[in-house]
Each structure stands twice: as structure tokens, then as C-alpha cells.
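Heads up: the structure comes next, in C-alpha cells.
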Amino acid sequence: MSPSQSRRGASRVVLLIVAVGLLLAAGWYAVGPAGLLSGSGEEATEGAVVRRGPLSIRVVEKGNLESADSVVLQNEIEGTTTILWLIEEGKLVEEGDLLCELDVSELIDDRVQQEISVRNAESAYVKAEKQYDIQVIQNESDVARAEQDLEFARQDLAKFEEADRILLEQEAREAITLAEEEFERAKDKLSWSERLAEKGFLTQTELEVDALALTRTAILLEQRKRELKTLIDFELPRVLAQCSSDVLEAERELERVKLQADAKLVDFEKERDTNLAKLELEREKLAKIVSQVEKARMVAPRAGMVVYAKEEGRRWGNDDPIAKGTQVRERQAIITIPSTTGMIAEASIHESVIEQVRVGQDCVVRVDALGSREFPARVSFVAVLPDSNSWWANPNTRLYRTTIEIEEQNPEMRPGMSCSIEVLVDDLEDALHVPVQCVYRHGGDNVCFVSGPGGVEERTVEVGANNEVWVQILAGLEEGETVLLSPPPGFTPDAERDARQREGAPGEGRGERGRGEGGGRGESGEGRPGGGAPATARAPESSAPSADGEPPVHLGESAERGRPEGRPEGRPEGRPEGRPEGRSEGRPDGGADGRAGRDGIPGGGEVGSSSPKSESR
């Protein structure tokens, strides 16, 4: 037998025992002094009397006690790891005591490798930083040299303009002056030589020498004049332009050196910053690994009792209990240390009654382990969205997580204890009411069958609030009238007739796989002709308003509610492992998971599937 089959069998046995006990209580209620069937034999046979009086509207759910302030220790190691050592559950510990040790042998090896990586990164960063400093100094030298060249070029330009140019021009003019004096002297000498030659004191040869000297000085004078003109017109402007060009080139060279210095510095700076980032990254990795290794030892953050964490139902995950050798994933809760100073109750409210539950409503909590003692409480939280875990277990069920704050604490309360939560929705001081199984859904209306002297009369009624046993009648009935607890023979609600036509099922018979023919009992539930299992109403669903604004009555079946005929066999696989069968094919009224929907009143509703109570447990 598989574990799931074992659990299914065990849950059925437990439910059967609970149902039998509740049936006995319900039977006493039905036949006792204040029971529905008390009084004359005629009333017990025909039905119930329409009553007027106070009516309490309650929502009852099962839940569990939890600590109001608990510390949860989770596995903070990435991936999955194995529990090497675990403290015993239930042991009292002090702050700082070792609670759990996880396997981090691979992380220790990674730490050694990461330390080597950090040292390599540090070496690369130091090298890059030194190269950057060297480049800074080299850039300063290159810029200084370029600035010096520029200064020299500017000095050369100033020297030429203020000294060399004047000096060269003056030297040229002085050369012309000397040439002119030589020319004049040669001219005078030639004149004297001609006169002496006429007198016969000089020979012709000597006269020709003096004439040649005059010609030479004349040519030399012209050369000096041409040199001055060339100097002024060409050489001096060229030298000036060259000096000016040298200044401009030196300025460009300085700018070029600066830009090149910046470009080289950017490369070395980038290399330095990159190596610094790598070093920081390697250090962060090392710090993370060190932190992960340290988190392998989980110590108690405060004194308290050790409680192993229990996971909510998961669709794909394993359900292995917390123990030595168990594989745990990241962020998985391992140990909880609850506080003993305060307790809360947590419950899952079915969607059919969630609209009746509000934050701040008064409650009564009964802890199963503490007997019949009642503890005042208050609704402190109601989830806006349904619990995803319940959706995975049964896609047709929507349960809303609700937290109940217990106002009167008791030291005997412990986390995990089961409890019963009764939410006090409303108290009607004067309400006309009948048993919920007396009202049926037919033709879009709520109807009752009134027994009178002339026979049975079908009457349309307007219903109001309801609880597990009674439904308020707003119009259609009078106090003292008698209404039938089951429909008369031959009456078939529209929804039930349509369901029979779709499924080809007879009016009576045993429902299979959650089919609700007739009475709509679940697997092994006996169908009732006429679509009425009178005493199988379920308060939470009967409290939910129908599609036309009226609360559907005569819904559900749960024997756990203490109804007179709420047989345990009327639950078609009302468990997570049995839900795949008890579904759409067992819904003559179209109600979800074989239970009456918002329009699921008899004739279209009392399908015998699990109630929210049985599903939430």
C-alpha cells in the first residue's frame, strides 16, 4: 500500500469515528426535549414548525494554535544542502545554543580557491596602480618638456624681432657705407693717378691698376646694396616667419603632448579601476562564501523550545520531515522557537462564508486539548486572496487564511494544538426561521412545502441569514405553520432533472465517483429521490448568498456539523487525495467540487462532497 493510500485510509477512519459521534449528538438533538422532532408524533412525521425567536448567525471552523511571536530559523545556504546535526525537537534551549549544523564541505573548498583568486586580484591591482602612477609622472615630464620648447621658441622669436633683425640690417648698411668710402677713395686715387700720369710721373700700368681698383670698389658697393635689399625683402621676413612658425608648432606640440598624456592616463586608469573592481568582486565572493560557511551553524537567537518547522502542502516538492540527513533547500524553514507569551489561532475559511467574516468580529475559541473551556478572541486578519497551497491541493476549492487573536491566554496552550473557532457574525433578536433542510431551490426561487388541512402546498419564500441549523424567513411563511423536512414524492427540482438528463442517471440510486443523483450523495452516498437529503445542510455554504441575492439553503452535507442525517458516507473523497474523483461529474447543480454552489439549494445542490471543514483538515 502506498503512503498516500495509507493516509487516505487513516483519514477516512478518523472521519468515520467523528461522524458517528456527531450523528449520535445530532440524533439526541433531533429527538430531545428541544429537538426538531420533539413534540407530537405528527410534527415528527410531517415536518417542523415555523418558529419565531432569537437566531444566532455563526461561522465555525477548525484551526490550529500558533505562537503570536515566533522566531523561524531558515536555511540561508544557496542551493540545497544536508543536515549533519540537529537538536532534538521539544528541547528547551538558551540563547546561543547550537541548534543545527549543515553540510558545507564544498563551500570550504570553494573558500580556499577564492582566497587564491583574491590574492591574484590584489597583485594585478597593485601592478595596475603602480603603472598608473608611472604614467602620471611620465605625463608630467612630457608636458614640462613641451612647455619648455614652447618657451624657447617664443624667446627665439622675441630675440629676432628685438635684436637679430636690427643687427643684421645694420651690418648690411654698415657694409654699404664702407663700400661707398672705398669707392670714393679709389675714385680720388684714380683722379690723382691720371694727373700724375699726364705729367709723366706714373706709368700707364700704374694708372690702369688704379682704374681697376675703382671698378672693384664700385662693384663691391653694388653688391652691398643688393645684399641689403635681399636681406630686407627676403631673409629677414623668412627668419621672422620661421620663428613665428616655431612658436605655433611648439604650442601645438604642447597641446598634443597633453592630449596624449590624458589618453595614456585613461588607459592606465581604466586598467587600474578594472583590476580594483575585480578585486572587490573577488573579495565579495570570498565574504559571501565565508558568510555561507558561518551560517552552517544555526544557533538559538533566544531562549525557548525547539519545534521542527513543518512545510505547507507543496505540489512538486518533497514532504520529507526535518531530520539528520534530510536535504533542505535555500530559504526552507528548519526550526521554529515559539514564544510562550501569546497564542493565536489560524484557520482557513471557505469562500462560501468568507464574506461574513470581518476583521474585528468577536470569536469564541475552544481548544480540543483543554476540554470545553471557551476563550474570547477577535478576528485580526483575513486574507484578500485565497491560499495558494489549498489551490494546488484542490483547484476547485478556495480557502482564505484567517488569523484569530486570542484575548485570554492560558499557559497550557501550545503551538500546534487543534481548536474550534466560532465567529460571532450576527444575533437576530426576533427572526422567523425554519430548519435549513426545509428550503429548496427550484425554478430560480426558494420554495418550501407547507403541510395544512388541505394537503401539501408548495410556497415560494424569501430567505435571509442562516447558520448551520436554521435559516431566516423574510416572507412566505407564518409562525406556527408546518413545513416538510423532505420534498413530497414526485417533486424533482429543475437542476436535478437537468443533471439526470445530462448523465442519464435514474431518480434514485447510489452515486458513483461524486455523482449526486437525487440526494446527490458522494461516493457510496445513497441518493434521495426528489433531490433532498433533508438533514444534510451545511452552514457555511447555506450562509452564502445565491446568484439572485438569496442565501442558498439545504446545501452541503457535513456530518461533522451535527446534522441529524449528515452521514459520513455523504462525503465523496472529501480529502486532498480523493479530490480528483469527486468533481465535475458529481455536480448536478454545477456547484464546485461536488458541493452546492451559490445556487445549490435542493434540486440543484445538496451534493455530498466534502465540506470546507473536511477539506481544511
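Observations, loosely collected:
- Test: residue in the stretch 331-343 that is at pLDDT 90 or above, open to solvent by 20 Å² or more (accessible area, probe 1.4 Å) and either in contact with a strand residue (DSSP E or B) (Cβ under 8 Å, 6 or more places away or on another chain) or within 30 Å of Val93 (Cβ to Cβ) (or both): yes
- For the stretch 236-255, the set of residues classified as open to solvent by 90 Å² or more (accessible area, probe 1.4 Å) and touching a residue at least 12 places away in the same chain (Cβ under 8 Å) is empty.
- Filtering the stretch 192-203 to residues that are among the small types (Gly, Ala, Ser) and surrounded by 15 or more Cβ atoms within 10 Å (Cβ to Cβ) leaves Ser193, Ala197.
- Boolean, Glu351 is open to solvent by 30 Å² or more (accessible area, probe 1.4 Å), modelled with pLDDT under 90 and within 30 Å of Gly464 (Cβ to Cβ): yes
- Once the stretch 361-392 is narrowed to residues that are of a type in the set (Gly, Ala, Ser), at pLDDT 90 or above and open to solvent by less than 30 Å² (accessible area, probe 1.4 Å), the residue that is farthest from Leu92 (Cα to Cα) is Ala383.
One line per residue, one yes/no per condition, for (1) open to solvent by 70 Å² or more (accessible area, probe 1.4 Å); (2) more than 30 Å from Val136 (Cα to Cα); (3) among the basic types (Lys, Arg):
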{"residue": "Glu174", "(1), (2), (3)": "yes, yes, no"}
{"residue": "Thr177", "(1), (2), (3)": "no, yes, no"}
{"residue": "Glu181", "(1), (2), (3)": "yes, yes, no"}
{"residue": "Thr205", "(1), (2), (3)": "yes, yes, no"}
{"residue": "Ala218", "(1), (2), (3)": "no, yes, no"}
{"residue": "Ile232", "(1), (2), (3)": "no, yes, no"}
{"residue": "Leu259", "(1), (2), (3)": "yes, no, no"}
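- Some residue of the stretch 340-350 being under 28 Å from Ile473 (Cα atoms) and either under 26 Å from the mean Cα position of the chain (by Cα) or in a helix (DSSP H, G or I) (or both): yes
- Members of the stretch 45-99 that are over 30 Å from Val364 (Cα atoms), of a type outside the set (A, V, I, L, M, F, W, C) and either free of Cβ contacts under 8 Å to residues at least 12 places away in the same chain or in a strand (DSSP E or B) (or both): Thr45, Gly47, Gln74, Thr80, Thr81, Thr82
- Out of Glu42, Glu115, sole residue that is on the phi < 0 side of the Ramachandran plot, in a helix (DSSP H, G or I) and at pLDDT below 90: Glu42
- Residue in the stretch 50-67 that is open to solvent by less than 40 Å² (accessible area, probe 1.4 Å), under 17 Å from Ala333 (Cβ atoms) and not aromatic (Phe, Trp, Tyr) present: yes
- The residue of the stretch 402-421 that is modelled with the highest pLDDT, among those that are part of a loop (DSSP other than H, G, I, E, B) and of a type in the set (A, V, I, L, M, F, W, C), is Met417.
- Looking only at the stretch 394-424, residues that are under 22 Å from the mean Cα position of the chain (by Cα), open to solvent by less than 50 Å² (accessible area, probe 1.4 Å) and not polar (S, T, N, Q) come to 2 in all.
To keep it simple, each residue is scored yes or no on (1) open to solvent by 50 Å² or more (accessible area, probe 1.4 Å); (2) modelled with pLDDT of 95 or more; (3) not small (Gly, Ala, Ser).
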{"position": "Ala263", "(1), (2), (3)": "yes, no, no"}
{"position": "Glu269", "(1), (2), (3)": "yes, no, yes"}
{"position": "Ser291", "(1), (2), (3)": "no, no, no"}
{"position": "Met298", "(1), (2), (3)": "no, no, yes"}
{"position": "Val307", "(1), (2), (3)": "no, no, yes"}
{"position": "Glu311", "(1), (2), (3)": "yes, no, yes"}
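- Tally of residues being more than 27 Å from Glu294 (Cβ to Cβ), open to solvent by 90 Å² or more (accessible area, probe 1.4 Å) and within 53 Å of the chain's Cα centre (by Cα) across the stretch 110-152: 4
- Pairs meeting the criteria (first residue in the stretch 414-433 and closer than 18 Å to Glu346 by Cβ, second residue outside any strand (DSSP E or B), beta carbons under 7 Å, at least 6 apart or on different chains) are Met417/Asp368; Met417/Ala369; Ser418/Asp368; Cys419/Asp368; Val423/Val357; Val423/Gln361.
The values are calculated or read from the model by the stated rules, or taken from the named source; none is laboratory data. Source: prediction; values computed, not measured. All Cβ positions, glycine included, derive from the backbone under ideal geometry; neighbour counts span all protein chains shown. Keep in mind that these areas ignore ligands, DNA and RNA; they rest on the heavy atoms of the full protein, side chains included. Shrake-Rupley method; radii C 1.70, N 1.55, O 1.52, S 1.80 Å.
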